[in-house]
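**Student:** Before anything else, here's the structure in question.
The values are calculated or read from the model by the stated rules, or taken from the named source; none is laboratory data. Quantities reported herein were computed from a predicted structural model and do not represent experimental measurements. In this analysis, Cβ positions are derived from the backbone assuming ideal geometry, glycine residues included, and neighbour counts consider all displayed protein chains. The area values use the complete protein model at the heavy-atom level, side chains included, leaving out ligands, DNA and RNA. Shrake-Rupley method; radii C 1.70, N 1.55, O 1.52, S 1.80 Å.
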Amino acid sequence: MKEAEMGIPHLFRCPISLDLLTDPVTLSTGQTYDRSSIEKWLNLGNQTCPVTMQKLQDSSMVPNHTLRHLIDQWLQTGHQTNNNHNRIIDPDPSIVALKHNLESHVSTLGIKIQTLETIQVLSDELPSRKSCLIQLGFFPLLLELLFGEAQGEFSQENLEFLEKALVCALKLIPHCNLRPLNILKEESKLEHFLVLFNQGTITVKKSLCQIVEAISSSLETEELCAVFGKNQTLLQGMVFLLDQNNLGTSEFGIKAVSALCSLESNRGNLVREGVAERLITYIMTAERHQRNVAPTAMTVVELLLGLESGKKAVIDHPNGVNALVKMVFRVSDHEGSESAVNALMILCSDSVQVREGVVCAGVLTQLLLLLQSQCSGRIKTKARRLLKLLRSMWHEDSTHYV
């Protein structure tokens, strides 16, 4: 065996998979396993510790942060896993040199920009290259470069560096543990994020919206998602993006808002900042802009209608009802139809005025077209329920007048 190769240390292996531990957790018996492996074991109905075979009185798992830290340190010294042979090999010296360029205080901004361009190319190449970038800690390094310190004046070269660093980070995100993003819970780093979001280029703003999407998609960053949802400056910045249809930012803003809506506690703040009204406006003008995200906008509106403040915002909007009716049936596709029907059910159940408004807006025709289309059976069932609701209440109103 070459001196450059060595086995994974025994303590760093999961006793079940025999692979390097990525999320070590300890059971009540004191044995540590990789979370995914022990969860599969328990989900199969096993009630014992795989190593000791002791019966588990308590199946809770405690994250082993100490071991995780030791493994991270070990990896950062330059070891890289080779999944095919389950060995550790020395990383590519050229990639180590790239990391040194980014970390060095001697490197000029121009050199760092060239380094980021090389990293971008490498991340698009073989998976092994991307794996090496991840194992060497490029993702947390990029986050530190982006948000670790104030950027000062945004020169053209500085902006170019930020744009390229964000592109590199976004290429690594789908393959990384997202815990490093939690540095944004630190007040100073969050402040730097907000400065970039409000003062950066359109490209920077779009990339930061994608960062918000990633944060909202992971349980590891759920607390950070809640922090973002409470930050008025960030929410106002997103509302601004929703208004900029001509700059092509609406799509990214809507996706970011949708991501934040995944956390129920964020929805009230989004309503207060005027998100519901902006989404209604977007839906009404979507044919002239990024029509493909109108269904996403409709889904967010449906979620916001779970709040009384959300209902009021939509009802009070001059085009609120019209926007929902419009999304019931679209010739091009049926995306958004289910959310539109759900939203109308919510509003029509509460208000005679809304029922009259949706009928005047042509919802009956829209529903009949939807029922004749190739949409799913589930959507058709909901459409029939809405028709039944409108017919029954229309009959009740007529009887009242007689």
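**Student:** Return the residues of segment 157-198 that are among the hydrophobic types (A, V, I, L, M, F, W, C), over 26 Å from residue 232 (Cα atoms) and not in a helix (DSSP H, G or I); say none if nothing qualifies.
**Tutor:** 176
**Student:** Looking only at segment 5-51, which residues are farther than 19 Å from residue 131 by Cα and in a strand (DSSP E or B)?
**Tutor:** Result: 24, 25, 26, 32, 33, 34, 48.
So that you can scan it fast, the table gives a plain yes or no per residue for (1) among the hydrophobic types (A, V, I, L, M, F, W, C); (2) touching a Ser or Thr at 6+ places or on another chain (Cβ under 6 Å); (3) in contact (Cβ under 8 Å) with a residue 40 or more places away in the chain:
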| residue | (1), (2), (3) |
| --- | --- |
| 168 | yes, no, yes |
| 174 | no, no, no |
| 186 | no, no, no |
| 198 | no, no, no |
| 230 | no, no, no |
| 234 | yes, no, yes |
| 240 | yes, no, no |
| 256 | yes, no, yes |
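**Student:** I would also like to ask the following. On the basis of being under 15 Å from the mean Cα position of the chain (by Cα), in a helix (DSSP H, G or I) and more than 30 Å from residue 329 (Cβ to Cβ), does residue 215 make the cut?
**Tutor:** Considered against the rule, which asks whether it is under 15 Å from the mean Cα position of the chain (by Cα), in a helix (DSSP H, G or I) and more than 30 Å from residue 329 (Cβ to Cβ), residue 215 comes out as yes.
**Student:** Could I ask something else about it? Of the residues that sit in segment 256-275 and are in a helix (DSSP H, G or I), open to solvent by 10 Å² or more (accessible area, probe 1.4 Å) and polar (S, T, N, Q), which one is farthest from residue 237 (Cα to Cα)?
**Tutor:** Within segment 256-275, the match that is farthest from residue 237 (Cα to Cα) is 265.
**Student:** Cβ-Cβ under 8 Å, sequence separation 6+ or interchain: first residue in segment 36-50 and on the phi < 0 side of the Ramachandran plot, partner of a type in the set (Lys, Arg) and open to solvent by 50 Å² or more (accessible area, probe 1.4 Å). Which pairs?
**Tutor:** From segment 36-50, the pairs are 47/55; 48/55.
**Student:** Anything in segment 185-213 that is open to solvent by 10 Å² or more (accessible area, probe 1.4 Å), aliphatic (A, V, I, L, M) and under 18 Å from residue 241 (Cα atoms)? List them, or say none.
**Tutor:** Result: 194, 195, 202.
**Student:** Name, by its number, the condition in (1) free of Cβ contacts under 8 Å to residues at least 12 places away in the same chain; (2) open to solvent by less than 40 Å² (accessible area, probe 1.4 Å) that does not hold for residue 365.
**Tutor:** Unmet for residue 365, out of (1) free of Cβ contacts under 8 Å to residues at least 12 places away in the same chain; (2) open to solvent by less than 40 Å² (accessible area, probe 1.4 Å): (2).
**Student:** So which residues in segment 301-336 are open to solvent by less than 20 Å² (accessible area, probe 1.4 Å), closer than 19 Å to residue 261 by Cα and not aliphatic (A, V, I, L, M)?
**Tutor:** Result: 310, 336.
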